[in-house]
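K.L.:
Sharing a structure, written as structure tokens. Questions coming.
None of the figures in this text is laboratory data; all of them are computed from the coordinates on show. Treat the numbers as computed from the prediction; the structure is a model and nothing was measured. Positions of Cβ are generated from backbone atoms using ideal geometry, with glycine treated the same way; all protein chains shown enter the neighbour counts.
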Amino acid sequence: MDSEYYDDIIIGGGKAGKTLAPALVADGRKTALVERSLTMIGGTCINVACIPTKTMVASAHVANTVRNSATYGVKTDALTVNLAAVIQRKRTVVQSMRDMNLHNLETALGHNLIIGTGQFVAPKTIEVTTVEGKTQHLTAERFFINTGTRPSIPSVSGLKETGFLTNESIMELEHLPEHLIVLGSGYIGLEFAQMFRRFGSRITVIGQSEQILSNQDSDIANAVQTLLERDGIKFLLKAKVLRVNRTGHATELQIQVADRTITLQGSHLLVAVGRAPNTEDLNLAAAGIATDERGFVVVNDRLETNVPNVWALGDINGGPQYTHVSLDDYRIVKANLIDGSSRSTRDRLVPSCLFIDPELAHVGLTEAEARQQGYAIRVARLDASAIPRAKTLGQTDGIMKAIVDTKTGRILGCSLLCHEAGEVISTVQIVMQAQMPYTVLSDGVLTHPTMTEGLNMLFLRL
């Protein structure tokens, strides 16, 4: 089979890949981008993750505000949630962003945007099967793998035969679940749990660990659980699902909790226990590209694989699975290959945000991590109810927490469980990146009344 040569081939058009492609073209490189489906143009974030979920979270927030409008002195008629309309709004937002990304890629690449699946057949050659069924070989000097991840499905007896929802399929439901069981107590599971609770479903969350959000300090995790329980969400922790059956219109789970076995029935089951890498169809062995025991592509701090001139960017390389990390992966590759500078993932400060209400944002070390690493620390805590802006908004739930190095006065980490935490955490992150002391925030003149002003109050606790 004849091969078409390129300078660069990108497999997968997620955040890193779709941003890198125009930059390579602008650098004079003949570049192709292979994406498996038009419905995935722009990657996981736009199509089945960040953007659609946060669009639906916004609808759930409106529903909750209407439900509690009387506390603001506003009388409303009875609340009705039209889930089909919520889903249609989500689809509209996704389609608009997908169309924008398709336009940008077509403008940059033209016919070198190839819709199909690619797999390695030799170290510098991939075979692509297009959506029309045509097969072609493409060779290149350099390859960039950006194929992302998919929902991880655990090995539970009866699960696959019974049927279940993932974070993708649940966003296509047009009828509200009567009782949604959520398997998984991490970010994905908790966002959907609160969302569908506020739409009107009964919710039970099953977690295998002794606390939700196992990577957080216990006081923060417990505070989140308390808030969600107040919303009416029930939790089963330190629990292991033994078997799943379908009985009539109900999904039935046999669950081991401590030394007893219980049975739980629900109308729907959402599996949200993590993400698995999309590497099994790439035939990486043909190119000699190494993966770890979970299937993620192994990279160094410059995102280089074990094979020269092959990079892995975004979720596929086993790093933090955030779109902003994928974007920074692009920056690292661009700096090293195009700009003539040098960047790596070393000491990269990565923030995160759990988009429940109120949001939980975090950056840096937790208290437990700081102590484990041997730091002498000071810990500041502030109830969100102390912040004037929170009082005016009626958003007084939550807690702020910061970890400071006693010797240097620098902030080691911060967790914010409060209104607009995802925005406020950026201020803390900038201070940390600049290696400035916490007094910049305790003594700074911050606008009143804002949620960011709470940082004044938090760090003054030290």
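K.L.:
Can you give me the distance in nm between label points at Ser214 and His61, each placed 7 Å from the Cα along the Cα-to-Cβ direction?
P.N.:
3.0
K.L.:
Tabulate in residue order the Karplus-calculated ³J(HN,Hα) for the range 216-230, using 6.51 cos²θ - 1.76 cosθ + 1.60 with θ = phi - 60°, rounded to whole Hz; enter x for Gly and Pro.
P.N.:
9, 4, 4, 5, 6, 4, 5, 5, 5, 4, 4, 5, 5, 5, 5
K.L.:
Where both partners of a DSSP beta bridge lie in the range 159-273, what percent of those bridges are antiparallel, to the nearest 5?
P.N.:
Details: 15 of 28 bridges.
Expressed as a percentage, antiparallel bridges in the range 159-273 total about 55.
K.L.:
Given the chain, what whole percent of its Cα pairs are spread farther than 38 Å?
P.N.:
When all Cα pairs of the chain are counted, 31 percent exceed 38 Å.
K.L.:
Figure the gain on full extension for Val298 and Leu349 (residue separation times 0.36 nm, minus the Cα-Cα span) and round it to one decimal in nm.
P.N.:
Gain on extension, Val298 to Leu349, equals 16.3 nm.
K.L.:
What's the exposure ranking of Ser157, Ser415, going from fewest to most Cβ atoms within 10 Å?
P.N.:
Ser157, Ser415
K.L.:
Between Ser155 and Asn68, what is the label-to-label distance in nm when each label sits 7 Å out along the Cα-to-Cβ direction?
P.N.:
It is 4.4 nm.
K.L.:
When the Cα centres of the range 118-151 and the range 195-248 are compared, how far apart do they sit, in Å?
P.N.:
If you average the Cα positions of each part, the centres end up 40 Å apart.
K.L.:
Based only on the alpha carbon positions, what is the Kirkwood hydrodynamic radius of the range 197-322, in angstrom?
P.N.:
For the range 197-322, inverting the mean 1/r across all distinct Cα pairs yields 18.0 Å.
K.L.:
Another question, then. With viscosity set to 1.002 mPa s and temperature to 20 °C, compute the Stokes-Einstein D of the range 137-232, Rh being the Kirkwood radius across alpha carbon pairs; µm²/s, no decimals.
P.N.:
135
K.L.:
May I ask you to work out the translational diffusion coefficient for the range 358-460 at 10 °C, viscosity 1.306 mPa s, via Stokes-Einstein with Rh from the Kirkwood sum over Cα pairs, reported in whole µm²/s?
P.N.:
118
K.L.:
Next question. What are the aspartates and glutamates whose alpha-carbon lies under 13 Å from the alpha-carbon of Lys30, with same-chain residues fewer than 8 places away excluded?
P.N.:
Glu4, Asp7, Asp8, Glu141
K.L.:
Oh, and also: Past the 28 Å Cα-Cα mark, which pairs from Lys240/Lys401; Lys18/Lys124; Lys54/Lys401?
P.N.:
Over 28 Å apart, Cα to Cα: Lys240/Lys401.
K.L.:
For Thr452, Thr261, which order do you get if you count the other beta carbons within 10 Å of each Cβ and list the fewest first?
P.N.:
Thr261, Thr452
K.L.:
Among residues other than Leu253 whose Cβ falls under 11 Å from its Cβ, what is the net charge (Lys/Arg +1, Asp/Glu -1)?
P.N.:
Net charge in that neighbourhood comes out at +2.
K.L.:
While we're looking at this one, here's another question. Quick check: the distance between the Cα centres of the range 26-87 and the range 354-398, to the nearest angstrom?
P.N.:
26
K.L.:
Can I ask one more? Could you run the Karplus curve 6.51 cos²θ - 1.76 cosθ + 1.60 with θ = phi - 60° over the range 326-343 and give me ³J(HN,Hα) per residue in whole Hz, x for Gly and Pro?
P.N.:
Each residue of the range 326-343 in turn: 4, 4, 5, 4, 4, 4, 5, 5, 4, 4, 7, 9, 10, 8, x, 10, 9, 9 Hz.
K.L.:
Moving on. What's the exposure ranking of Tyr375, Tyr72, going from fewest to most Cβ atoms within 10 Å?
P.N.:
Fewest to most other Cβ atoms nearby, the residues stand as Tyr72, Tyr375.
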